[in-house]
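Written below as structure tokens is the structure these notes are about.
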Amino acid sequence: MTEVAPGLRVSELRCHYPPASAAVVDIGELTLGPGATGLVGVNGAGKTTLLLTLAGARRPQHGTVTLDGVDLYGRDRREIVTRIGFMPQELDLPRELRVADAVSYVSWLRGVPGRVAATREPELLELVGLQDRRTDRLGRLSGGMRRRLVLATALVTAPGVLLLDEPTTGLDPEQRANLRALLMDLPGATVTVLSSHVMEDVEQMTTRIAVLDEGRVLHHGGTAAFVEERGGPHRSAELAFLTTLSGARS
Amino acid sequence: MTGRLAGYVTWLGDRRTVLLGLVALVAVGLVPSLSRGADWLGSWKMALDAGTFSLTLIGPVAAGIACATYVRLATSGVEPLLRTGPRPWWPWLRPALSIWGLAAVAMSAITLGVTTSAALAGAVPYYDTLWVLVPALCVLAAQVAVGVLLGGLGRRVWLAPVAAAATFSLGVLGAIGAMPEIFRTGGLGVTYAGETYDATTLGLQTGATLGVAAGLLLLSNRTVVGRTAISRVVISLLVLLGAVCYVVLGNGIHDRYRAVSDPELVCRGDAVRVCMARETTRPLDDLVERMERQASALRELGLELPPRYVDYLAGSDDERQGGVMLLVEETLASTVSDETAARVLTTPAQCAAYRSDIAPPEASFDTRRLLARWLLFRAGLLQPRVDDFDREWLESGLEEQRSWVTTTYEQLRSCDLDALRLPAGV
Amino acid sequence: MSSRLAVARAWGVPRTLLLALLLAGMAQFVATSYVGMPSFEAEIPALDLVPPAAALVLAAPLVDQTPDLTLRAGRPLGQVLLLRYVATHTAGAIVVASLALSGWSFERSLVVVLFLAGSAVAAAGLGAWHWVPMMAGSYVWLLRSQHLDDLDDADVPVAAAAAALVAAGVIYVCAGLYRTHRTRCPRGG
């Protein structure tokens, strides 16, 4: 019996948005194993589409996505997607909803049993520092608080895989530092994929990096080595990224 | 789509969404416009009225769209950015203007469609009455402003249908007299023959609705809309004007239409001359033809027809001419029945009693009915059934009938209605 | 319990029930009144305005305000959609009861079920814009109601209401499942 490597694995993956036929994501093989992987690329590189596909929210037109060897879009889809937490860029909840209700509602929708959800809700809000905002309506939260709430909702199923879609975009430096600290201290998730174009975040929070451009993976390897090898004398993550990008495009 | 136009519709969605929205607005607008059938084909002014009446539903739907759009705008986080601009009210009001424009296009398309259809059906166009579109567009602005207010302040997506229902309710409140009918457009169900729109009433409505629109738009976001001195002045003036117009409309009687002092007539026919109001000449040729066919029976008896039969219009009460008193649906139809033509022939004078608050003598109805049936019988258009009470007299022969017909006709011509009697045995 | 309450709040059920109670109260208040409508030849009973109003303001739970979350739902989506449908008709039941208590026969009050079934079908096709065709439908209903001389003409047989309830529910749930499936699994494979 072949041993299945833990983590997310994509194979011959191709996604496009009909009626356009051009591939937004076109990846031969990619394995996102234990630890944190940074997914970097310019706007429109295909990061969000790939994350949605990895989250079980968008089946690719071609290829397979597996988690620990189980097809994400197969018969066990509903069971397996609960093992994946996804933190989207925007909060997809009514503004009039209260913070605690938001977490409870997402728990219910994700299929978490009521008793478990009732225990987890205060824990999660404490984890993201919103325990004093339980009764606040979502419309009254600041940008940073909304991001933390989205993170809490991504964690309701205690997922083994956590997908973060540009978690710090639009936040001020202080909010960004706080959220980054929070993300780095998160317990539970064994596989974390962080999509970002803020190289500083990727450098500090991930051990592996995948550079995406026009839907294709240009580089996949250790973050430290990536910066070391391509970041020039100052070991700049930005320079490493740009070097990779220009090298591929030329 | 040009860049400028694209800027206006940004908050409404892409080009396909805007087009779908327009189609939806036209579709819902057609419901009230066609709710009375297509009787407006017989009167261009009535068609114009039916076109503006589409706002009964277009307005509430536009208010709902405005509400949904402003919920999106208000919750998008762009508000702080708006406040920093030199004219912060402009980007705030631009979506409202776009929605108003879209709804205005829908209403105009329906109006164009129904008025063109009416013209093609034979109704004479009155382009000088097109100005009624202006008050209608102001009503639409006030309706859209209701949606802007609810969306801008409420900031809840579920408010869109509430905004639509509330806007529709404003029309109902006007109809039941709980408030002046400032949200009313068209749909009066009159032919407008010999009448025209009352500029004073519609002017007051325009002022009131502009005031309502300005006030609601200001309330939708006071910090942004009232940020500059010029916007505050303009809005204050409009609200003040609206308040005055509203109060004036709420006191006394303000009809939306008034009689024309010298209504235009169109006359046709030689043997029988018939004149109808220029607005409603659709059934005229058919009426003349049928009347001419039946009038020969009267001529055979040596009876003189009036110089002309004239449509009953306000101010037209000359007893020397015959009267054309048609029901509204008869006036608007393309053809009339032989019974209608016979009824007109039995009105050889426009007797004041026909229009008096006191009804003419009972016998006058029976004699005119019998005379009309005689005309139809003589023209071969009526075959009395076996159980017909009038059958014996109708088939008794001309010599038997001559005296009663002659006397009755002369009595009708001289408006001596009290003297009218049925023939013996009927 | 708290998670059920959170679900109800996320779908706007408490608000919808409150609106249903308001409508029910209004029905009692205007039970004997007649209102003139723009261009209508005859006045109509004010109660006739209640079913269309219910269709417009009680259908909010039918609209999915969290479509992205729904895509990643772990709960059976059919069950989620059915619960939304039930929530809407629960609010409608309050209005039905009020109409039946205000002088309408129970059968006539069932027209609210037809209106909400219509809203569900409209929501299945148009989502948040379900109220647009319902506005037009409501106007036609009001137009018809002014010509209802015989009150029995307005009665809705219980079997017809039940059939509409089930049929609209099936359409609503199936359309929701199909739409989610289409979004999750776009064509072109």
Take the alpha-carbon centre of the range A:180-206, take the same for the range B:379-426, and report the distance between them in whole Å.
104
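What does the net charge come to around A:MET145 if you take all other residues with beta carbon closer than 11 Å to its beta carbon, with K and R at +1 and D and E at -1?
Values: positive: A:ARG133, A:ARG140, A:ARG146, A:ARG147, A:ARG148; negative: A:ASP132, A:ASP136.
Counting the neighbours of A:MET145, the net charge comes to +3.
Take peptide A:54-66, look around each residue's Cβ out to 10 angstrom, count Cβ atoms belonging to other protein chains, and average those counts.
Values: counts 0, 3, 5, 8, 6, 6, 3, 5, 2, 1, 0, 0, 0.
Across A:54-66, the average partner-chain Cβ count within 10 Å equals 3.
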At 4 °C and 1.567 mPa s, grab the translational diffusion coefficient of the range B:265-419 from Stokes-Einstein with a Kirkwood Rh over Cα pairs, rounded to a whole number in µm² per second.
82
Normalised by the number of residues in chain A, what is the relative contact order in percent for Cα pairs under 8 Å and 6+ residues apart?
24
Note, B:GLY85: beta-carbon cut-off 15 Å, +1 each Lys/Arg, -1 each Asp/Glu, net +3
Value at 222 nm in deg cm²/dmol, rounded to 500, when DSSP H runs of n ≥ 4 in the protein assembly as shown each add -39,500 (n - 2.57)
-17000 deg cm²/dmol
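Roughly how compact is chain A, stated as its Cα Rg over 2.2 N^0.38 Å to two decimals?
Values: Rg = 18.2 Å, N = 250, 2.2 N^0.38 = 17.9 Å.
Normalised by 2.2 N^0.38 Å, the Cα Rg of chain A equals 1.02.
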Cys residues of chain B counted as unpaired, since no other Cys beta-carbon is under 4.7 Å
B:CYS67, B:CYS138, B:CYS245
Taking Cα atoms, how many degrees apart are the long axis of helix B:229-250 and the longest axis of chain B, rounded to 10 and kept between 0 and 90?
30
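Run the numbers on the range B:3-259 and let me know its relative contact order in percent, using alpha-carbon pairs under 8 Å that are six or more apart.
Values: 422 pairs, mean separation 66.7, N = 257.
Normalised by residue count, the contact order of the range B:3-259 is 26 percent.
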Over the Cα atoms of the range C:3-98, each weighted equally, I'd like the Debye log10 I(q)/I(0) at q = 0.15, 0.24, 0.25 Å⁻¹, rounded to two decimals.
-0.65, -1.18, -1.24
Relative contact order, percent, of the range B:265-419 when contacts are C-alpha pairs under 8 Å separated by at least 6 residues?
23
Determine the shielding of peptide B:151-159 by partner chains: average, over its residues, the number of Cβ atoms on other chains within 10 angstrom of each Cβ.
4
For the range B:3-259, with equal point scatterers placed on the C-alpha atoms only and solvent neglected, what are the log10 I(q)/I(0) values from the Debye formula at q = 0.08 1/Å, to two decimals?
-0.31
Quick check: the distance between the Cα centres of the range B:274-337 and the range B:64-81, to the nearest angstrom?
60
How would you rank B:ASP311, A:ASP165, C:ASP155, A:ASP132, going from fewest to most other Cβ atoms within 10 Å of each one's own Cβ?
A:ASP132, C:ASP155, A:ASP165, B:ASP311
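When each pair of different Cα atoms in the range C:47-133 is counted once in the 1/r mean, what is the Kirkwood radius in angstroms, to one decimal?
13.6
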³J(HN,Hα) across the range C:44-53 via Karplus (A = 6.51, B = -1.76, C = 1.60, θ = phi - 60°), whole Hz, x for Gly/Pro?
10, x, 4, 4, 5, 7, 5, x, x, 4
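Quick one: order B:TYR312, A:TYR17 by neighbouring beta-carbon count within 10 Å, fewest to most.
Numbers: B:TYR312 19, A:TYR17 14.
Arranged by neighbour count, lowest to highest, B:TYR312, A:TYR17 become A:TYR17, B:TYR312.
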Please compute the volume of the convex hull spanned by the alpha-carbon atoms of the protein assembly as shown and report it per residue in Å³.
221
Residues meeting the amide H criterion for A:THR192 (H placed from the backbone, H to H distance under 5 Å, 5 or more places apart or on another chain) are A:GLY35, A:ALA36, A:THR37, A:LEU162
Please say if the range A:92-158 is rounded, prolate or oblate, where rounded means a/c under 1.5 for a ≥ b ≥ c the square roots of the C-alpha gyration tensor eigenvalues, and otherwise the choice is prolate for a/b larger than b/c and oblate otherwise?
prolate
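Peptides B:130-139, C:14-23: what's the order by average Cβ count within 10 Å, highest mean first? Walk me through the numbers before you get to the answer.
Numbers: B:130-139: 20.4, C:14-23: 18.0.
Descending packing order for the listed peptides: B:130-139, C:14-23.
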With 5 Å bins from zero, work out the P(r) of the range B:186-320 over every alpha carbon pair and list the percent per bin.
2, 9, 13, 12, 11, 9, 8, 7, 6, 6, 5, 4, 3, 2, 2, 1, 0
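Compute the normalised compactness of the range C:2-184: alpha-carbon radius of gyration over 2.2 N^0.38 Å, N being the residue count. Present the calculation step by step, with values, prior to reporting the outcome.
Details: Rg = 16.9 Å, N = 183, 2.2 N^0.38 = 15.9 Å.
Cα-based Rg divided by the globular estimate yields 1.06.
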Take every residue in peptide C:126-136, count the Cβ atoms of other chains within 10 Å of its Cβ, and give the average of those counts.
6
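Since every read-out is calculated from the coordinates, none of them should be taken as a lab result. All values derive from a computational prediction rather than experimental measurement. Note that each Cβ is placed from the backbone with ideal geometry, even for glycine, and that neighbours are counted across all protein chains shown.
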